Amino acid sequence: MKERFKSIGEKLIFLSAIIFSISLPTSIALDNVAAGIGILGLLIYLLSKVQFPLPPIKPLLFFTIPEFISSLFNVEMLKKLTKYTDINHHLVSYFISFKVFLKENSNLLLTLLSISTIVSSLILAFEAFTHQSIRHFNIHALHLFSSPTRPRGFLNNPLTEAGVLYLLFLLFTFLSFKENRKLYPLTAIFSLIGIILTQSRSYWLGCGLFFFLLFFYSLKKHKKISIVIALLSLLSIGLVTTIPSLKHRLESIDNVKTNASNIDRLTIWNSYLKAFKYEYSPLQLLIGAGEKGKQLAAKHLEESFKEIYKRTESKEKELAHFHRGETHNIYLKFLAKYGILGLLGYLLFWLYILYFNFKFSKILPPLSIISFGYLGFMLAGFFENNFTDAEIQFTLFFLLGFNFAVIKKLKDNLPSTQ
């Protein structure tokens, strides 16, 4: 019976991984199906009482414990713990990915993920240059335009699309250096094109930091590769600067005088900073104010609006206008919801991952590459709540499970004397 439970559990876990490989860049609904099957597979596997290979739990504890502590002091959050915190089914992709990628033969999963990533990028290109949504496609109105519009893709949000594709871009860039398979660099290039077409400036900055770090890393280690990276960077810059709509988005990055999106963000950030100063109790500064943080910041929206917009007239301070009061800064969000402990936990989460990657990069140098990408993701987080988007969380934890599976196999293959 134990062997039967183990066999059924493993099959369900593998099925979950297959669905994740198809759905991560294409469907949040299928992501949830994959998570449900994965949880069922894990439970059945545990019934076999065979030890389940676990990825590192400590990095998860760094941010989930402060979130749970904060929820204990907020009854509404505690009642809906899985909704208002990151303690939810999104974490299951971490355990599923780690388990399946411990096995040597993972080509099927990576091939499916490559195909779905390429398809997702092609759909973004289709929407960008036809000005049609894939969800409401009309063949009779099909036209090609020279100036791309901002596409929404399968995930129906350009920011979310960019975040998912950015993480997959890291995965396939890493695999391009690690494995000798033409499909991986091709997928990386398609995902990069998709990121550019989403016109998501935060991930443009993330890619810029990634390429910058990767170029100087390769310059020391592999000069030929550094030339390839330089060419890719130049092609990306050339694509962005020669297409007017993309060039306009690029030029708007540092425009804090007339760009409404930028000014709204500054208004929101200023409101939260005022809330921390005037509204938060010492306990709330330590453990956060939960969902009440938005209301506390809303008290200062009108004042912040006048300061940032340099206007004397009042503006109706509806949260709907200011993106429902969302911080559009993951660090401010953790500080507002979970306090200093929450922000510290989130930073320790990333420091733990970066430490292990750089530690084992002495054995497998491409681990440094994926770490540079994580730094780009952290940079993007200054301008949006990327870590807490469901689609991005599924993809991130799937990537981290893969990441730690690679490290685990490295450790297992080390000579016993080490």
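Stokes-Einstein diffusion for region 113-208 at 37 °C, viscosity 0.692 mPa s, with a Kirkwood radius from C-alpha pairs, works out to 243 µm²/s. Here the extension length gained between N88 and K220 equals 43.3 nm, from 0.36 nm per residue of separation less the Cα-Cα distance. Taking label positions 7 Å along the Cα-Cβ direction at both I227 and I340, the computed distance is 5.3 nm, reported to one decimal. Helix content alone sets the calculated 222 nm mean residue ellipticity of the chain: runs of n ≥ 4 DSSP H residues at -39500 (n - 2.57) each, divided across all residues, give -23500 deg cm²/dmol. Model label points for I237 and L15, set 7 angstrom from Cα along the Cα-to-Cβ axis, are 5.1 nm apart. Region 357-418 and region 42-68 have Cα centres separated by 18 Å. Computed extension gain for S245 through S133, at 0.36 nm per residue and net of the alpha carbon distance, reaches 38.5 nm. For L108 and V75, the FRET efficiency from 1/(1 + (r/R0)^6), where r spans their Cβ atoms and R0 equals 56 Å, is about 0.75. Of the peptides 160-169, 57-66, the ranking by mean beta-carbon count within 10 Å, highest at the top, reads 160-169, 57-66. For the options K294, K99, K359, a Gaussian network treatment of the chain with springs between C-alpha atoms closer than 10 Å singles out K359 as fluctuating the most.
Of all aspartates and glutamates in the structure, the ones whose alpha carbon falls short of 17 Å from that of K294, not counting any fewer than 8 places away in one chain, are E67, E76, D264, E279, E302, E303, E316, E318, E326, E384.
Looking at region 3-60, the trypsin sites (Lys or Arg not before Pro) that sit in a DSSP loop and have at most 15 other Cβ atoms within 10 Å of their own Cβ are K49. Sorting the segments 117-124, 86-93 by their mean number of nearby beta carbons within 10 angstrom, highest to lowest, gives 117-124, 86-93. In the chain, the C-alpha radius of gyration followed by the widest Cα-Cα span (Dmax) gives 22.3, 75 angstrom. Under the shape rule built on the C-alpha gyration tensor, where the axes satisfy a ≥ b ≥ c, region 319-405 is prolate, since a/c reaches at least 1.5 and a/b is greater than b/c. Between T111, T198, T258, the Gaussian network model of the chain with springs among Cα atoms under 10 angstrom shows the greatest mean-square fluctuation at T258. The modelled label-to-label distance for the pair K49/A260, using points 7 Å beyond Cα in the direction of Cβ, is 6.5 nm. Each Cα pair under 8 Å and six or more residues apart adds its separation to the average, and for region 57-139 the resulting relative contact order is 13 percent. For the chain, the per residue solvent-accessible surface stands at 47 Å², with DNA, RNA and ligands left out and a 1.4 Å probe. Exceedance of the 20 Å cut-off in Cα-Cα distance is limited, within the set K6/K408; K277/K333; K292/K333; K182/K409; K11/K409; K178/K220, to K6/K408; K182/K409; K11/K409.
The values are calculated or read from the model by the stated rules, or taken from the named source; none is laboratory data. Keep in mind it's a predicted model, so treat the numbers as computed, not measured. Every residue, glycine among them, receives a Cβ derived from its backbone with ideal geometry; neighbour counts consider all protein chains shown. Calculation scope for accessible area: heavy atoms of the full protein, side chains included, ligands and nucleic acids excluded. Shrake-Rupley method; radii C 1.70, N 1.55, O 1.52, S 1.80 Å.
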